[in-house]
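Q: For reference, the structure I am asking about is given below.
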Amino acid sequence: MSAWQLCEVTLPFPVSLGRVIATVTCSGEKEVNLAVQDAKAAFKIWSKKSGLERGQILFEAARMIRERTEEIAIMETINNGKSIFEARDDIKTSWQCLEFFAGLAGSMAGEHIQLPGGSFGYTRREPLGVCVGIGAWNYPFQIASWKSAPALACGNAMIFKPSPFTPLSVLLLAEIYTEAGVPPGLFNVVQGGAATGQLLCQHHDVAKVSFTGSVPTGTKIIEMAAKGIKPVTLELGGKSPLIIFSDCDLENAVKGALIANFLTQGEVCCNGTRVFVQKEILDKFTEQVVKATQRIKIGDPLLEDTRMGPLINRPHLERVLGFVKQAKEQGAKVLCGGDLHVPRDPKLKGGYYMTPCVLTDCKDDMTCVKEEIFGPVMSILSFDTEAEVLERANNTTFGLASGVFTRDVQRAHRVAAELQAGVCCINNYNINPVELPFGGYKKSGFGRENGRVTVECYSQLKTVYVEMGDVESVF
Ligand SMILES: NC(=O)c1ccc[n+]([C@@H]2O[C@H](COP(=O)([O-])OP(=O)(O)OC[C@H]3O[C@@H](n4cnc5c(N)ncnc54)[C@H](O)[C@@H]3O)[C@@H](O)[C@H]2O)c1
Ligand SMILES: O=CCc1c[nH]c2ccc(O)cc12
């Protein structure tokens with residue numbers, strides 16, 4: 001039995017349409033201990049399998065996710081409020097991630113190093129043990145997949161705690177792993193909020209924590225991990241710059257700016273919310289961005305043509321609207337959106353909708369330009385020169401992502417090299433294929449998800465020395 005089925009406290013989870021869709025129970029100390037105990041037992045079996053054997057099971061899980069895409073996407077849309085159109089894409093990147101690490105599992109290996117006198121050494125890449133994954137509410141299924149796939153491929157067990165705002169879809173992932181053949185308890189889900197998260201991070205049998213969420217919570221996670229000398233992966237917030245030079249392909253730059261700001265209701269950590277536009281094209285760019293933003297179809301996220309659903313919950317909606325109000329007070333101009341949206345469909349009336357917002361006349365010291373809003377609010381800033389925009393783009397404590405639109409290939413790479421961010425997209429935005437590492441600089445975190453390098457975040461290296469001669473002793 002999974003730990004999440006054994007809980008004592010009942011919490012209601014109102015979702016983004018204002019209705020309760022499910023009640024899950026919150027895991028306390030007893031359930032967390034049980035989950036760790038089961039994970040330890042499963043780790044013993046799993047870590048003894050060859051990489052190829054683990055890969056075969058992960059390939060099967062990927063196949064099952066792909067086959068059940070529609071069911072999982074519907075669940076994710078109900079869970080989070082994002083459009084079904086986007087949810088399908090999240091599920092695709094999830095099974096792709098499982099496939100990517102399944103493919104790597106069989107070739108994880110150490111090195112052989114020849115030493116004097118015929119002696120030699122070799123290294124073994126070994127799993128860490130029981131890993132904990134803690135997720136945010138914006139990409140519930142994908143976050144759980146991006147954490148569990150490399151963890152399991154490397155031979156670890158994982159206990160995953162989703163955000164209490166989106167507790168459901170990860171249960172399908174747990175079901176799929178089990179049906180695909182992972183040992184019982186190897187991937188387990190516990191439910192709850194901060195208290196459950198703390199119990200997991202502080203548990204002495206937990207070897208690693210991989211966290212996706214805000215900087216303040218990330219700070220607490222790293223403090224707890226430091227006390228236990230545990231490695232962490234931190235995927236935190238951002239306030240990423242998107243730089244649009246006057247020599248860009250304008251149509252692509254406009255599309256890029258919308259993708260950089262309005263996917264998942266703007267609730268995306270790597271969004272390019274500081275849109276720096278070179279003066280010569282500011283008016284043309286702004287006009288086209290506003291037109292395209294006003295065309296975004298807001299509504300029932302389960303309908304095929306909807307492109308923006310409701311925000312995650314009422315306090316968050318109010319927070320985002322508060323940022324727009326403050327921006328106006330500080331001198332920004334609202335060119336469109338930024339209002340509460342009440343859909344005509346009566347069944348959507350209680351939903352946490354707002355209209356996507358474009359702000360102009362923004363200055364670097366305004367709150368809307370400095371702080372992560374995590375909602376559908378784009379701030380447009382103008383600039384003159386490359387040197388100036390680089391200085392301003394890097395003037396932030398965050399460093400998750402960045403983007404540049406230009407037709408000048410040398411400038412594109414020069415700017416990409418100068419931007420202080422873990423990711424830079426040239427002539428597109430929010431493209432995060434599983435083959436490429438994803439993660440932040442500065443306060444946006446450290447460690448990486450996806451790409452080959454992530455194997456290093458979920459394994460440890462043992463050095464073995466082999467003496468082929470006699471022991472030479474000074475004693
Ligand atoms: N960099 C990334 O990859 C990435 C991805 C998605 C979201 N985010 C960031 O996440 C934030 C929004 O998500 P959120 O509101 O769910 O973040 P959050 O930090 O409030 O919560 C994230 C998770 O941490 C848990 N948690 C809260 N307090 C905890 C504690 N003391 N100990 C252990 N666990 C605790 C929560 O229950 C939740 O599961 C934004 O800042 C966004 O930028 C970052
Ligand atoms: O929201 C931020 C970027 C992102 C999108 N999907 C995922 C999955 C896992 C992460 O850690 C981050 C993200």
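The values are calculated or read from the model by the stated rules, or taken from the named source; none is laboratory data. Because the structure is a prediction, the values reported are computed rather than measured. When we count neighbours, we look across all protein chains shown, and the Cβ atoms used for this are built from the backbone with ideal geometry, even at glycine.
Q: Filtering region 222-251 down to residues that are part of a loop (DSSP other than H, G, I, E, B) and among the basic types (Lys, Arg), which residue is farthest from residue 432 (Cα to Cα)?
A: The residue in question is 230.
Q: Now a separate question. From 277, 254, which residue is in contact with a strand residue (DSSP E or B) (Cβ under 8 Å, 6 or more places away or on another chain) and either more than 23 Å from residue 321 (Cβ to Cβ) or part of a loop (DSSP other than H, G, I, E, B) (or both)?
A: 277
Q: Further question: Can you tell me which residue among 258, 303, 250 is in contact with a Lys or Arg (Cβ under 7 Å, 6 or more places away or on another chain), away from ligand 2 (no atom under 16 Å from the Cβ) and aliphatic (A, V, I, L, M)?
A: Exactly one residue qualifies, and that residue is 250.
Q: Now a separate question. Inside region 157-171, can you point out the residues that are in contact with a helix residue (DSSP H, G or I) (Cβ under 7 Å, 6 or more places away or on another chain) and away from ligand 2 (no atom under 16 Å from the Cβ)?
A: Answer for region 157-171, where residues must be in contact with a helix residue (DSSP H, G or I) (Cβ under 7 Å, 6 or more places away or on another chain) and away from ligand 2 (no atom under 16 Å from the Cβ): 157, 159, 168.
Q: Scan region 125-156 for residues that are more than 10 Å from ligand 2 (Cβ to nearest atom) and of a type in the set (Ser, Thr, Tyr) and report the count.
A: Here the count works out to 1.
Q: Which number in (1) closer than 20 Å to residue 182 by Cα; (2) within 16 Å of ligand 1 (Cβ to nearest atom) marks the one condition that residue 134 misses?
A: (1)
Q: Still on this structure, please answer the following. Which residue is surrounded by the most Cβ atoms within 10 Å (Cβ to Cβ), if the candidates are limited to region 271-306 and must be within 18 Å of residue 342 (Cβ to Cβ) and out of contact with any Gly (no Cβ under 6 Å at 6 or more places or on another chain)?
A: My answer is 298.
Conditions tested, residue by residue: (1) away from ligand 1 (no atom under 11 Å from the Cβ); (2) within 21 Å of the chain's Cα centre (by Cα).
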position: 208; (1), (2): yes, yes
position: 222; (1), (2): no, yes
position: 227; (1), (2): yes, no
position: 239; (1), (2): no, yes
position: 305; (1), (2): yes, no
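Q: Going by what's in this entry, would residue 235 be described as more than 24 Å from residue 139 (Cβ to Cβ), within 23 Å of the chain's Cα centre (by Cα) and charged (D, E, K, R)?
A: no
Q: Being within 16 Å of residue 163 (Cβ to Cβ) and within 16 Å of ligand 2 (Cβ to nearest atom) is the filter; apply it to region 193-214 and report the residue that is surrounded by the fewest Cβ atoms within 10 Å (Cβ to Cβ).
A: By that ranking, first place goes to 214.
Q: Continuing with the same structure: So which of 419, 390, 461 is within 19 Å of residue 237 (Cα to Cα) and either exposed (fewer than 14 other Cβ atoms within 10 Å of the Cβ) or aliphatic (A, V, I, L, M) (or both)?
A: The match here is 419.
Q: Please give the number of the condition residue 136 fails out of (1) surrounded by 15 or more Cβ atoms within 10 Å (Cβ to Cβ); (2) in contact with a Leu (Cβ under 8 Å, 6 or more places away or on another chain).
A: (2)
Q: Are there any pairs, at least 6 apart or on different chains, whose C-beta atoms fall under 7 Å, with the first in region 257-280 and closer than 13 Å to residue 356 by Cα and at pLDDT 95 or above and the second part of a loop (DSSP other than H, G, I, E, B) and more than 16 Å from ligand 2 (Cβ to nearest atom), and if so, which?
A: 262/296; 262/356
Q: Right, another one. Taking residue 361, is it touching a strand residue (DSSP E or B) at 6+ places or on another chain (Cβ under 7 Å) and surrounded by fewer than 20 Cβ atoms within 10 Å (Cβ to Cβ)?
A: Yes: the conditions hold for residue 361.
Q: Could you look through region 428-469, keep only residues that are over 16 Å from the mean Cα position of the chain (by Cα) and closer than 22 Å to residue 144 by Cα, and pick out the one that is farthest from ligand 2 (Cβ to nearest atom)?
A: Ranking the candidates gives 460 first.
Q: Given the residues 107, 119, 50, which is the only one that is among the polar types (S, T, N, Q), touching an Asp or Glu at 6+ places or on another chain (Cβ under 9 Å) and either more than 21 Å from residue 308 (Cβ to Cβ) or at pLDDT 95 or above (or both)?
A: After applying the criteria, what remains is 119.
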